[in-house]
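Student: One structure is given below, represented as structure tokens, and several questions about it will come after.
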Amino acid sequence: MPEKARSLAEISWDAFQSLPLADKARLYSRDQRLFHVIVAQQFDRPILEELGAVATRIRRIAKLKAGMDFLRTQLPHKSAMLYFSQPSTRTFLSFHSACQILGMRTVEVRDTSTSSERKGETQEDSVRTFSSFSDVIIMRHSKGGLAEKMAWTLSNTERPVPIVNAGSGKDQHPTQALLDIYTLQRSFEKRGGIDGKKIVFVGDLARGRTVRSLAQLLTCYRGVEQVFIAPPQLQITDDILGLLRASNTRFEVGDDLDKILPEADAVYMTRVQDEWDEKAGESGRIDTSRFCIGADQLAKLKQNAVILHPLPRRGEISVEVDRDPRAVYWRQVRNGMWIRVALLAHIFDVTGNIRDFSG
Ligand code: NCD
């Protein structure tokens, strides 16, 4: 029976697919730790706090040569496959750097026109091949659900290496949400943490996978209010609102950024995701001019609020905003590296060594 399955190897693909997300999330873990990292629903508050604390410990250790030398001794026997068939700058580089910090070897496939996918090999067979050469597969793909399918597929082979979802279709980007949470933890460290804060999402909320994953992770905190500000065509979808209702999260949906800005503790900006347009140029016809931050919007924002963006940005945040101390999106980029080091350390069970290091 599906509900009794204790691992992905004990359940058929059809039965697995029909499980609720929370039950799927349970099957991605092994021995009480994260194994496959596929959806934001796998994280709860204790693990978010633990990963944040490990990331902060690692960044402190890494300041010293002796610390960097120690970190490199943690996983030199492990290798990572970076399978990125969609464009990526930050996620790719931060995972790559994270692997290097822990001494892992990396192999990469970014251009599938040079791989056997060009000869008609399925992605399933490609990923199965990758598992022969690596101990973890970090993957980004335009096909929503592919990371989940791969996690199930590999769990049913003799080399069940973990899959880490680095962005799947329009669906989820759980490690971006982890770095967003880590950035919020640090930003609100002296203001009582994330609990009780008002987080305002702005932009293309219908197709932004980072928003979908972060909205879910924020439900792990008490009294957080989520506000979704977008043109009607790009507004957050009902499935996310359903998740928020199910977790008794207060939320508001609207299109008036200027009105909400004075109440915001964090503003999470996003770009228009026009790569998903069904008709060429369709999102170019949407008026997004009211969903941008410049000097006028800064003037309305609280002094202790923060502005986040998963990047890349287009025109939705003026470059002049970068100099404002409330702009934390460049810090997010670096936080992304540290939290990914922490995640890999957790998956391979070396966080205890890192905690005990006394260099
Ligand atoms: C995001 C993504 O790929 O979803 N980028 C990232 O990983 N930081 C956001 C985006 O592309 O707009």
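The values are calculated or read from the model by the stated rules, or taken from the named source; none is laboratory data. All figures in this text were calculated on a predicted structure; none of them were measured in a lab. Positions of Cβ are backbone-derived with ideal geometry, glycine not excepted, and every protein chain shown enters the neighbour counts.
Student: If you go through the range 310-359, how many residues are in contact (Cβ under 8 Å) with a residue 40 or more places away in the chain and within 16 Å of Thr175 (Cβ to Cβ)?
Tutor: 18
Student: Condition first: within 15 Å of the ligand (Cβ to nearest atom), of a type outside the set (Lys, Arg) and either outside any helix (DSSP H, G or I) or closer than 28 Å to Phe357 by Cβ (or both). Now tell me which residues in the range 308-329 satisfy that. Please lay out each step first, then the result.
Tutor: Filtering the range 308-329 down to residues within 15 Å of the ligand (Cβ to nearest atom) leaves 308-317, 328-329.
Now drop any that are not of a type outside the set (Lys, Arg), which leaves 308-312, 315-317, 328-329.
Hits for the range 308-329 are Leu308, His309, Pro310, Leu311, Pro312, Gly315, Glu316, Ile317, Val328.
Student: Okay, next question. Which helices (runs of 4 or more DSSP H) does the range 161-265 wholly contain that include 2 or more residues that are within 16 Å of the ligand (Cβ to nearest atom) and out of contact with any strand residue (DSSP E or B) (no Cβ under 8 Å at 6 or more places or on another chain)?
Tutor: In the range 161-265, the matching helices (runs of 4 or more DSSP H) lie at 174-187, 209-218.
Student: Hey, can you tell me all the residues within the range 312-359 that are hydrophobic (A, V, I, L, M, F, W, C) and more than 24 Å from Ile137 (Cβ to Cβ)?
Tutor: Scanning the range 312-359 gives Ile317, Val319, Val321, Ala327, Val328, Trp330, Phe357.
Student: Follow-up. Taking the options Arg105, Arg118, Arg60, Arg110, name whichever one is of a type outside the set (Val, Ile, Thr), over 17 Å from the mean Cα position of the chain (by Cα) and closer than 30 Å to Gly192 by Cβ.
Tutor: Matching residue, one of Arg105, Arg118, Arg60, Arg110: Arg60.
Student: Could you list all residues from the range 59-87 that are of a type in the set (A, V, I, L, M) and over 13 Å from Gln100 (Cα atoms)?
Tutor: Across the range 59-87, the qualifying residues are Ile61, Leu64, Ala66.
Student: Here's another thing I want to ask about it. With Gln216, Gln185, Gln233 as the choices, which residue is modelled with pLDDT of 95 or more and touching a Pro at 6+ places or on another chain (Cβ under 9 Å)? Before you say what the answer is, go through the steps one by one.
Tutor: Values: Gln185 fails: touching a Pro at 6+ places or on another chain (Cβ under 9 Å); Gln233 fails: touching a Pro at 6+ places or on another chain (Cβ under 9 Å).
Exactly one residue qualifies, and that residue is Gln216.
Student: Quick check: anything in the range 127-137 aromatic (Phe, Trp, Tyr), more than 21 Å from Tyr28 (Cα to Cα) and either within 16 Å of the ligand (Cβ to nearest atom) or touching a helix residue (DSSP H, G or I) at 6+ places or on another chain (Cβ under 6 Å) (or both)?
Tutor: At the first step, the residues of the range 127-137 found to be aromatic (Phe, Trp, Tyr) are 130, 133.
From the residues that got through so far, the ones that are more than 21 Å from Tyr28 (Cα to Cα) too are 133.
Narrowing further to those that are either within 16 Å of the ligand (Cβ to nearest atom) or touching a helix residue (DSSP H, G or I) at 6+ places or on another chain (Cβ under 6 Å) (or both): none.
Checking the range 127-137: not a single residue is aromatic (Phe, Trp, Tyr), more than 21 Å from Tyr28 (Cα to Cα) and either within 16 Å of the ligand (Cβ to nearest atom) or touching a helix residue (DSSP H, G or I) at 6+ places or on another chain (Cβ under 6 Å) (or both).
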